[in-house]
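A.B. asks: Pasting a structure here, questions to come.
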Amino acid sequence: MSHRVCPWWLGPLLASPIRRLLFDPEELLRPYIKEGMNVLDLGCGMGFFSLPMVKMTGKRGKVFCIDLQEKMIKGLVKRAEKAGLSDRIEARTCHLSSLEVNDLAGRIDFALAFALVHEVPDKDRLFSEIYGTLNQDGRFLIVEPGGHVSKKDFEKTVSIAQSAGFDAQSDLKIRRSHAVLLRGRQDKK
């Protein structure tokens, strides 16, 4: 099984404010995240998207941050504490074979996988687990880097997500990326 995971030592670079020149978290996520929501940040790293998500969900919301690497999670927690946001973040490590999110079944309003899916060897399981976390109106945004993921591979990823129960709502234009907004099927119980 061959897979590549972004090395933990790139975490500070990925969390850098300079990255906002390419991807502004608030601008990118504002259409999907509202105050009071429960949000899932998959492959959260050191919190480039997580911390703005916490601000967007407000005092009544919660952001569940999941990463495979303990050092990424430790960096996120440190940054959240420094920003005074740690009370609204739940940071977790997962396993390569599972996100371990069964306790979130039906609780998530919005999930984000930014530059993550291409790193996961078992996409079927990944999408099945994410689908299970979403409530009936939940949405899931996948953004993959155009430089790492071909259009053909991204289309295959979307197809796997659809097999897990998602409907593609819209293809999105995000700088230097492939992106799609997914929604659980409306007949989801």
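A.B. asks: Going highest first, how would you order 55-68, 145-158 by mean Cβ packing within 10 Å? Don't skip to the answer; put the middle values down first.
C.D. replies: Working: 55-68: 20.0, 145-158: 14.2.
In decreasing order of mean packing, 55-68, 145-158 become 55-68, 145-158.
A.B. asks: Dipole of the chain, Cα-centred, from +1 at each Lys and Arg C-beta and -1 at each Asp and Glu C-beta, to the nearest 20 debye?
C.D. replies: With only Lys, Arg, Asp and Glu charged at Cβ, the dipole is about 420 debye.
A.B. asks: Let me ask something else about it. Take the solvent-accessible surface of the protein heavy atoms, probe 1.4 Å, and return the percent of it on the chain that carbon and sulfur atoms account for.
C.D. replies: Taking all protein chains in place, the chain shows 50 percent carbon and sulfur surface.
A.B. asks: Just report the Cα centroid separation between segment 118-138 and segment 140-157, whole Å.
C.D. replies: Their Cα centres are 15 Å away from one another.
A.B. asks: List the residues, sorted by chain then number, that are 5 or more residues from GLY61 or on another chain and whose placed amide H is less than 5 Å from its amide H.
C.D. replies: Distant-sequence amide H within range of GLY61: GLY36.
A.B. asks: Right, something else. Which option, [x] 0.99; [y] 1.15; [z] 0.92, is the value of Rg/Rh (Cα atoms, Kirkwood Rh) that was calculated from these coordinates?
C.D. replies: So the calculated entry is the one marked [z].
A.B. asks: Rounded if a/c is under 1.5, else prolate if a/b is larger than b/c, else oblate: which is segment 66-120, with a ≥ b ≥ c the root eigenvalues of its Cα gyration tensor?
C.D. replies: Details: a/c = 1.81, a/b = 1.29, b/c = 1.40.
Judged from the Cα gyration tensor, segment 66-120 comes out oblate (a/c at least 1.5, b/c at or above a/b).
A.B. asks: For the chain, which DSSP H helices look membrane-span-like by this rule: Cα extent along the axis of 20 Å or more and mean Kyte-Doolittle of at least 0.0?
C.D. replies: The answer is none, since no helix passes both cut-offs.
A.B. asks: So, in Å, what gap is there between the alpha-carbon centers of segment 77-106 and segment 26-50?
C.D. replies: When both Cα centres are located, 12 Å separates them.
A.B. asks: Accessible area per residue, 1.4 Å probe, Å², for segment 85-189: what's the number?
C.D. replies: For segment 85-189, the solvent-accessible area averages 50 Å² per residue.
The values are calculated or read from the model by the stated rules, or taken from the named source; none is laboratory data. Worth saying up front: this structure is predicted, and the values here are computed from it rather than measured. Heads up, the Cβs are rebuilt from the backbone with ideal geometry, glycines too, and the neighbour counts pull from every protein chain shown. For accessibility, only protein heavy atoms count, side chains too; no ligands or nucleic acids. Shrake-Rupley method; radii C 1.70, N 1.55, O 1.52, S 1.80 Å.
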